[in-house]
1. In whole Hz, what ³J(HN,Hα) sequence does region 216-229 give by Karplus (6.51, -1.76, 1.60; θ = phi - 60°), x for Gly and Pro?
2. Only Cα pairs under 8 Å and at least 6 apart count here; give the relative contact order of the chain as a rounded whole percent.
3. Add +1 for every Lys or Arg and -1 for every Asp or Glu among the other residues with Cβ under 15 Å from the Cβ of A508, and state the total.
4. Once phi is turned into ³J(HN,Hα) by the Karplus curve 6.51 cos²θ - 1.76 cosθ + 1.60 with θ = phi - 60°, what whole-Hz value does each residue of region 365-373 show in order, with x for glycine and proline?
5. Between region 143-191 and region 273-337, what is the C-alpha centre distance in whole Å?
6. Assuming a ≥ b ≥ c are the square roots of the Cα gyration tensor eigenvalues, decide whether the chain counts as rounded (a/c under 1.5), prolate (otherwise, with a/b larger than b/c) or oblate.
7. Got the relative contact order for region 599-711 handy, in percent, Cα pairs under 8 Å and 6 or more residues apart?
8. Quick one: net charge around G339, please, counting Lys, Arg +1 and Asp, Glu -1 for every other residue with C-beta under 12 Å from its C-beta.
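Values in this text are rule-based calculations from the coordinates and carry no lab data. Because the structure is predicted, anything quoted here is derived from the model rather than measured. Cβ placement follows ideal geometry from the backbone for every residue including glycine, while neighbour counts extend to all protein chains displayed.
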Amino acid sequence: MTLAVPSLVSTPTHCPYCGLQCAMNIARDSSAADQAMTATVTGRSFPTNRGGLCQKGWTSAELLRNPNRLTAPLVRRDGELRPASWDTALDIVADGFAAAQAEGGRDAVAIFGGGGLTNEKAYQLGKFARVALGTSNIDYNGRFCMSSAAAAGGKAFGLDRGLPFPVSDLGAARAILILGGNVAETMPPFLGHLATAADAGGLVVADPRRTATVERALAGGGVHLQLSPGTDLPLALGLLHLAVLDGRIDHNFVGARTEGFDDAWLAAAQWWPERTERVTGVPVSALRRTVEILWRAQQSDAGAYILTARGAEQHATGTDTVSAVINLALALGLPGRRGSGYGAITGQGNGQGGREHGQKADQLPGYRKITDPAARVHVAQVWGIDPAELPGPGKSAYELLESIGTPGGPTALMVHGANLAVSAPRAGHVVDRLSALELLVVNDFLLSETAAMADVVLPVLQWAEEEGTMTSLEGRVLRRKAAVPAPEGPRSELEVLAGLARRLGQPAWRFGTDPEAVFEELRLASAGGVADYSGISYARLDEGAALHWPCPATPAGEPEHPGTPRLFLDRFETPSGRARFVAVEHRGPSEGMDAEFPLVATTGRVLAHYQSGAQTRRIDELVRAAGEMFVQVHPDTARRMGLVEGAPAAVVSRRGRTEAIVRCDDSMRLDTVFLPFHFAGSGRANLLTNPALDPTSRMPEFKVCAVKLEAVA
Ligand SMILES: Nc1nc2c(c(=O)[nH]1)N[C@H]1C(S)=C(S)[C@@H](COP(=O)(O)OP(=O)(O)OC[C@H]3O[C@@H](n4cnc5c(=O)[nH]c(N)nc54)[C@H](O)[C@@H]3O)O[C@H]1N2
Ligand SMILES: Nc1nc2c(c(=O)[nH]1)N[C@H]1C(S)=C(S)[C@@H](COP(=O)(O)OP(=O)(O)OC[C@H]3O[C@@H](n4cnc5c(=O)[nH]c(N)nc54)[C@H](O)[C@@H]3O)O[C@H]1N2
Ligand code: SF4
Ligand SMILES: [Mo]
């Protein structure tokens, strides 16, 4: 599109950051010598953001002209990272991979991916690992993000799509219960979809903190369930118990569309209201009101939703916790019906697509299982290999990192789109493990803390410099467009993988560099799978079609598939077509508080920063908004520990010590402190966190660890 000023060019695309994938236009002066310098961002009308953006979105053009942008490959020589040519850098990486595999076998090389990668990159990365390297060791940071919700969604519904309905459906609901999500800071435009419920007094938020999202609920007369961290599971069991006691079960729905209620009820039967109050800290009156709010909305046909986010999911009991929440939703008759439902709020920009195309240890494209013989045959045929050559499932993210330097563990690792030195649990130990590698390769466009540790850094293109697709939190596939010319020096990740694959002896046709051609192959690989993209094309997306997967190809001459905005309306994707209740028991956090570590630390996000902060800590406006690591604590707790507002403190756990500025807040629970995980160095929240893993999803316990506070001179 050309605007009034002839040299001004505007490109419609989407935000680089979170899963809401707000729509934006990027305008640039095409006559400027450095067009990125002229790039400006404006919000674009779109159902998820309705023209709005958050502070991170508004400032995102700064990423395109960041003075710290990596422009040349870096190779470590004499202990220092020094610029090198692409050929030299790729030769070193390919030779290093070959040497590692000659010594330690195929699995000696590991790949770590990210939920921010486009569908095309995530797909190609999975193929690169399985085919060019033949390694089973590939996993990604989505393991730290959506894995518990995905596992529980799969168990209950036979399919995991974060929101099985469009976000905008929430706008009609009169009641919404959010467990462990602070969307006012993590997806501000999302709040708009909660307005009807919030204004009707129907927004209920379970969070140990009185967050901005909680404030929005309370302003409209809603409810704050200020639970103790790690007690969402008994909270959900207690709510189910109350629903039964008060006769708030949709028996018709439970009878017709579900199975397994009796066992789920047996587990919830012991969670009488007073016991639930004792364990969670939430008063019985608030529990009862929550059930009443949800039930009344469901009965009135205005609709009710239950949503989970990381606060409820990032626990070693995360999968069971989400199962307990889904059980409650099923008992109330919410899922699989128009205007009501359960959903998990996907976090990363491509957190949804990133978990469908094969960068997860146990997965092949199309959300297929790598252990499924039919899936192996299908994908191997698309890739032009023998199914027997495909490796089996590999280790989960933390287990993969932990196995570095152990007998049989990987000796070379290549990272795409994650900053593990900051964001992985027990980060001190993870940094030790990364240091034990023979070869660490990091692909990034900035020198993240992890890139700074690497032996080879490969500078890649970013977001608005290349084409691709993303799949948003509502399962809608979106076009990401090149909105500014790519700078000299960096290469697209597809080119990096192609260059390495060729050096590893792969034929050129198998690792192409054109995103659309990779997408065309992804369509074939996904055809017939759970996440079927075969009916989606760049052309359809560019025409503006709203395509939510599954969207299978249709025979020639027939109309194209319209996509599936709403899942489960007729049947669930289980063999019986019924949703499954999963009976779960409360186990509690892995680590207990004691006299030495008397407080619970929980971790999360603030508005101004994204994830490890690698991108947002380099944008002045965001640094001004939130520049330093802090610990949020009740003033009485601070006083008890000898601390005052604004003073530096050390937060100490059984694994490490983090330095933070004390921020007193009298709405905090006395037993809980909160730390953002966006800061680096000695301010890393993850120096403290507990890598206890969920037995099913292998999600680490990011949201609970035992700590003490100490004054710092
Ligand atoms: N500004 C910003 N936005 C982001 C991101 C970002 O880094 N910064 N990241 C994106 C990504 S990848 C993700 S995954 C999403 C995450 O989005 P959210 O899940 O909304 O974010 P968090 O801050 O991790 O956690 C939400 C809330 O959980 C609460 N909490 C802590 N422990 C518990 C508990 O045991 N139970 C309950 N019920 N609540 C608890 C915290 O107090 C916090 O307010 O955000 C996305 N959007
Ligand atoms: N304590 C604690 N820890 C947490 C969490 C928590 O709540 N508490 N949350 C967890 C969650 S939900 C998540 S999602 C993770 C996220 O944590 P990380 O995985 O560290 O995520 P980012 O900071 O987004 O890191 C992405 C990196 O990749 C780069 N990058 C961006 N796009 C691309 C690309 O296309 N290609 C390549 N090669 N690089 C790219 C960025 O510059 C950045 O350096 O953190 C987890 N860690
Ligand atoms: S809410 Fe998420 S997608 Fe929207 S502007 Fe903010 S960071 Fe970007
Ligand atoms: Mo995430």
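1. Those phi angles translate into 4, 5, 5, 4, x, x, x, 10, 10, 9, 8, 6, 6, x Hz.
2. Worked out over the chain, it gives 19 percent.
3. Every neighbour counted, the sum reads +1.
4. Here the 3J(HN,Hα) series is x, x, 6, 8, 8, 6, 8, 7, x Hz.
5. Each part reduced to its Cα centre gives a spacing of 13 Å.
6. It is rounded, given that a/c, with a ≥ b ≥ c, falls under 1.5.
7. Answer for region 599-711 is 36 percent.
8. +2
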